[in-house]
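This report concerns only the one structure given below.
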Amino acid sequence: MCLVGGASPVGVALFAAIATRSAPELPRTLVELQRPLAAAVRKAVPAWLLPETEDLTQVALLRLDRALKREPDRPLTRAYLGRIAYTTVVDEIRKRRREREHVAPDVDSAERPTPAPGPERLAESRDAGEAITACLEAAPPRARDALTLYLLGHSVPEISRLLDHTRKTAENVVYRGLAALRGCVEAKGYRP
Amino acid sequence: MKPDAAEDLRAAFSARPVRQEVNEATLSMVWKAVSGSTSPADLASVLEQVRREPAVAEAWRVARSVRAELDDEEPARVERQGKVVLGPAHWWRGAAGMGIGTVMAMAAVVVMYVVPMSENRGPVAMRADVLGIENTLVYAGSVDRDHAVLRWTALPEGTVYTVTVTTDLLARVARGGALDKPEWVIPGPQLSALPDGTVLLWRVEATLPDGSKHRSATFDVVLR
């Protein structure tokens with residue numbers, strides 16, 4: 001009989017990579033690695049990728065495995081796990097985008113419900129997005145960076161930390177900058 | 001104007017179409033910038049790229065989400081444990097010095113099948129269990145390239161299985177579909193280009209008679 005389809009979870013290589021490190025460096029169990037990695041992936045994926053969270057977590061585990069093989073002495077920190085999750089999700093987004101570019105629209109797609117916003121609205125948003133970019137480029141440097149961070153989703157406290165401003169300064173820059181930005185965008189004929 | 005009133009601006013900024021994908025160096029810079037570990041000049045440079053290229057902005061958003069998740073957790077490094085638990089690949093390395101007969105005999109004794117699903121657990125719980133229980137890592141087997149058999153636990157009569165095999169770099173090797181038995185032989189030609197020692201990853205998706213689908217964890221096996 002030719003055996004074998006031996007079965008062991010994918011984490012085995014990862015586990016082994018960890019287990020073969022010198023004793024004081026030996027880290028945690030797989031479950032301890034998997035949990036924060038899964039949480040980071042779940043947090044990072046855009047809504048349209050949510051159903052793939054589990055698969056992406058597995059891919060992230062494999063990447064971690066390979067990274068540990070390359071650099072067995074690398075300290076394992078949450079930040080490092082986060083970086084693995086980050087690159088995994090960005091790569092998946094890029095891959096999906098490439099696939100979309102190469103797939104012809106299918107016949108059924110016309111019958112499927114279109115998620116809001118509709119194509120026209122989306123096009124308007126994109127145009128408005130370009131107008132926002134142009135307005136940002138014309139803004140004073142301090143406001144430009146603060147507004148860019150705000151538009152990326154950061155809160156005022158985060159902006160103050162990243163730009164090394166006081167909270168009050170960041171608040172002023174963002175508040176005033178947003179008013180000016182909206183005025184600039186609308187002057188270009190767009191209403192986001 | 002309150003910042004909260006600017007969600008429309010945020011939405012429009014994120015709707016900009018991607019023109020050029022981000023390269024690895026930029027991805028790395030974005031991560032550092034979001035983590036607050038860049039100089040002001042580098043941060044300004046990354047933000048400039050964010051404005052210029054929507055893909056960089058997208059990467060930033062992903063990085064920010066991850067950082068937010070990490071910041072919610074305790075900031076300290078993950079604690080390390082002194083306890084040594086040797087994984088199966090370690091066993092395999094130890095077995096490398098043995099004769100192949102010994103290794104195969106060991107393999108025959110400890111062959112482990114796909115973890116069966118219990119009645120009250122869905123596929124998510126199944127996968128989580130497999131990944132989470134360290135003591136399940138008891139065996140790293142090999143397959144003979146001339147007859148590479150994969151076997152797993154049978155599910156109820158009428159279940160149809162699909163098996164996907166990749167390398168550990170996730171390159172597709174082979175796929176077997178519409179299988180009515182819990183085993184599959186990877187076609188030899190699909191393995192011919194792979195050197196001995198290649199780690200193959202494989203996973204089973206089972207479609208039960210009631211139409212529900214269940215995935216196994218991903219397993220690995222060494223090609224010999």
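Tally Lys and Arg at +1 and Asp and Glu at -1 over the other residues with C-beta under 10 Å from the C-beta of A:D145: what net charge comes out? Net charge in that neighbourhood comes out at +2.
How many Cβ atoms of partner chains, on average, are near each residue of A:132-138 if near means within 10 Å of its Cβ?
Working: counts 7, 9, 1, 1, 5, 3, 0.
Average neighbour count from other chains, rounded to a whole number: 4.
Projected label points at B:S45 and A:R176, each 7 Å from Cα along the beta carbon direction, are separated by 3.0 nanometres. Remark: region B:219-224, residue by residue, has Karplus-estimated 3J(HN,Hα) of 10, 10, 7, 9, 7, 10 Hz, where x stands for each Gly or Pro and the curve is 6.51 cos²θ - 1.76 cosθ + 1.60 at θ = phi - 60°. Measuring r between the beta carbons of A:K95 and B:D8 and using R0 = 25 Å, the FRET efficiency lands at 0.25. Counts of other chain beta carbons within 10 angstrom of each beta carbon in peptide A:49-60 average 2. Give the calculated FRET efficiency between B:Q20 and A:T166 to the nearest 0.05, with a Förster radius of 35 Å applied to their Cβ-Cβ distance. It comes out at approximately 0.45. Per-residue Cβ neighbour counts within 10 Å put B:S37, B:S14 in the sequence B:S37, B:S14, beginning with the fewest. Given R0 = 56 Å, the distance between the Cβ atoms of A:A47 and B:D144 translates into a calculated FRET efficiency of 0.80. The mean number of partner chain beta-carbon atoms within 10 angstrom of a residue's beta-carbon across peptide A:150-157 is 6. Specify the inter-centroid distance of region A:51-79 and region B:146-180, based on alpha-carbon positions, in whole Å. Between the Cα centre of region A:51-79 and that of region B:146-180, the gap is 25 Å. Phi angles of region A:129-142 translate, via the Karplus equation with coefficients 6.51, -1.76, 1.60 and θ = phi - 60°, into HN-Hα couplings of x, 5, 5, 4, 4, 4, 5, 4, 5, 8, 7, x, x, 5 Hz per residue; Gly and Pro are given as x. Phi angles across region B:199-208 convert, under the Karplus curve 6.51 cos²θ - 1.76 cosθ + 1.60 with θ = phi - 60°, into 3J(HN,Hα) values of 8, 9, 9, 9, 9, 10, 10, 10, 10, 6 Hz, Gly and Pro given as x.
Rule-based calculations on the coordinates, nothing more; no lab input. Keep in mind the model is a prediction, meaning the values are calculated, not measured. Neighbour counts are summed over all protein chains in view; Cβ atoms, including those assigned to glycine, are modelled from backbone coordinates with ideal geometry.
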